[in-house]
Structure formats: C-alpha cells, structure tokens
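Structure first, commentary second.
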Amino acid sequence: PKECRVDASITCADDEGTECNEIPTPSFQCKEGEVPDALVFSYVGGGCEQSFNSQEDECEDVQNVLSITSRVVCGKEDGTVLFSGMVTIGDKLTVPGKDSDSVLGDILVCEIFETGDNGLVQKLRFDTTELSLKDKYGSLRLESCDENSCLVPITYTYDIRNIGTDEMDVTTLMRTRGALSADLIGLVDDTSLEVGESTFAEEMGEVDVCSGEDIKTTVKVKADPPSGIPCLDEEDYDLSFLIPPTEPPTEPPTKSPTEPPTEPPTEPPTE
C-alpha cells in the first residue's frame, strides 16, 4: 500500500553562510578614542534610572510620560540633526540617519519627545568615543558601532522531503518561536511533491548575538496524499549564544573615587 511520510529539517545561517550557532559574538568595546561612522540603537523606552554604561553620561527625565511610541531627535552639540523619526519600543534607529549628510561628532545629544503634544520627555548626552555594545542611555540601548554589531541578519531554511511511497501536497508549515506562531505555507517553493522530491521555505530575520538567550524554533509540517490520510512531521532547531564576561560597567567607576580625597584635607588645618 502507498504510504504518506514527510520529513522536515531546519538549517540556519548568516549572510556569509556561517551556521547560526557558530556566529561569533562581537567585541563589546567600540573603538576607544575614535568617533564611529554610524551607531545603531534600540528604543527600549523607560527613564534615566535604567541607564547602564561606563561613562559619565547625562540623562534627564523632563517629564515622566515615556510612551510606547516617541519621536527621537539625535544630533551634535551645535544643533546639527543626525536623526529624527518616530520609534516604537523595539524599533532600531541608525545615527546618522540615511537622510543626513553630516557625520557623528564626539558628543551625541538625543532628545525624546511625546508624540501627542510634542513635549520634551527625556534628554541624553554622551561621548561617542567611549562606547560599548549594550550600553544603555535612558530609553536608548546601543546595538552596533560600525562593524561591531550585536544584530546579525540570518536565514532559516525549512526543508521538506517526501520520504513515503505516495505523492503529496504540503498544506501546512507552522513555525513556532517563543510565543509567536505563523503558518509559512506561502513561503514554500513548491507544495506538490512526488515520491523522493523535496521543497523548501526560507525565512529571513535578525538575531541578537549579544543577548545570551536560547532561541528555539519548531516547525510542524502537514502533507496530504490522494488517499486523504495526512502525514505529519515536527522538527526543532535550538540557537544559543555564549556571552563573554561583560567589561563595560566594571572599570571606570573604580578609579576616580579612590585618589583625590586622601591629600587636600591633611594640610590646611596645620598652619
């Protein structure tokens, strides 16, 4: 008797063909003492209390109404605008933006505005020559500085093979990642498979290689043969990144407070 059997497999690679679990974690330290050509931030929302970085940045919460969507304007100290746009929590913004003809200076000033009344909500000022990936400045988090980037474009490839003895039509390709599921049947190259034939679907995305998170992707494939008794297969792909020990917040704070207080107080009282 003819039998319906389908086999699913998952591969994942970056744009250079490196298997996703082999993608190296970048150096977290941006080029010290140099002004980068471009910076990429995530808009994470929230107030100045969540700032976490290795420099004496300035962050001021003007009014406590940070919302899901805000307008962000970043520029130089002289007022030259390098980026201006609406962002929602989770969005990325690149400074300078594609509409800007100017280059970054050694100081970046960013202002976050309420979208409703355009009121100033938060003001940031920091040094672009002392940056580390994942530095947090108020509602902005640094993801990339030039070639040092936590965000890597990747492609998941879902291979589907007819390993039975009957022809089949692939009718479902359900992908689950975290809490999100989607039927990717529209991405399948060819849904009609003869015995021994295979097809595939490609799903492009972006992964944060600095997150330290484990990302599990599951696909469930359903195929229907002429007999009407469908066959199913399920496959998992686990993606994980080892994070090197974080350096940024550990060094600068330890130096300055230890030296100055020891000398001045000892002399004046003796005369």
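The values are calculated or read from the model by the stated rules, or taken from the named source; none is laboratory data. None of the values given here were measured: they were computed from a predicted structure. Heads up, the Cβs are rebuilt from the backbone with ideal geometry, glycines too, and the neighbour counts pull from every protein chain shown. The protein model used for the area step is the full one, side chains on, heavy atoms only, and it has no ligands, DNA or RNA in it. Shrake-Rupley method; radii C 1.70, N 1.55, O 1.52, S 1.80 Å.
How much of the accessible area of the chain, probe 1.4 Å, is carbon plus sulfur, in whole percent?
Numbers: 7270 of 14940 Å².
Carbon plus sulfur share of accessible area: 49 percent.
Let me know the volume per residue of the alpha-carbon convex hull for segment 47-104, in Å³. Walk me through the numbers before you get to the answer.
Numbers: hull volume 6.8 nm³, N = 58.
Once divided by residue count, the hull of segment 47-104 is 117 Å³.
So the label point goes 7 Å from the Cα of Asp127 along Cα→C-beta, right? Which residues of segment 140-178 then have their backbone N under 19 Å from it?
Counting only backbone N, you get 142, 145-146.
Between rounded, prolate and oblate, where does segment 17-163 land on the alpha carbon gyration tensor, with a ≥ b ≥ c its root eigenvalues, rounded for a/c under 1.5, else prolate if a/b exceeds b/c? It would help to have the intermediate numbers written out before the result.
Working: a/c = 2.02, a/b = 1.51, b/c = 1.34.
It is prolate, given that a/c is not under 1.5 and a/b is the larger ratio.
For the chain, what does the accessible surface come to per residue with a 1.4 Å probe? Please give it in Å².
55 Å²
Using a 7 Å offset from the Cα along the Cα-to-Cβ direction at both Ser211 and Glu234, what is the distance between the two label points in nm, to one decimal?
With each label point 7 Å from Cα toward Cβ, the separation is 2.3 nm.
What ranking, highest mean first, results for peptides 201-211, 171-181 when packing means the other Cβ atoms within 10 Å averaged over each residue? Let's see the in-between values first.
Working: 201-211: 16.5, 171-181: 14.1.
Packing order, densest peptide first, comes out as 201-211, 171-181.
Extent of the chain along each principal axis, from alpha carbon coordinates, in Å, largest to smallest?
The principal-axis extents, from largest down, are 108, 43, 33 Å.
List the trypsin sites (Lys or Arg not before Pro) in segment 61-165 that DSSP assigns to loop (not H, G, I, E or B) and whose Cβ has at most 12 other Cβ atoms within 10 Å. Which are they?
On the way: sites: Arg71, Lys76, Lys92, Lys98, Lys123, Arg125, Lys134, Lys136, Arg141, Arg161; in loops: Lys76, Lys98, Lys134.
Answer by residue number: Lys98.
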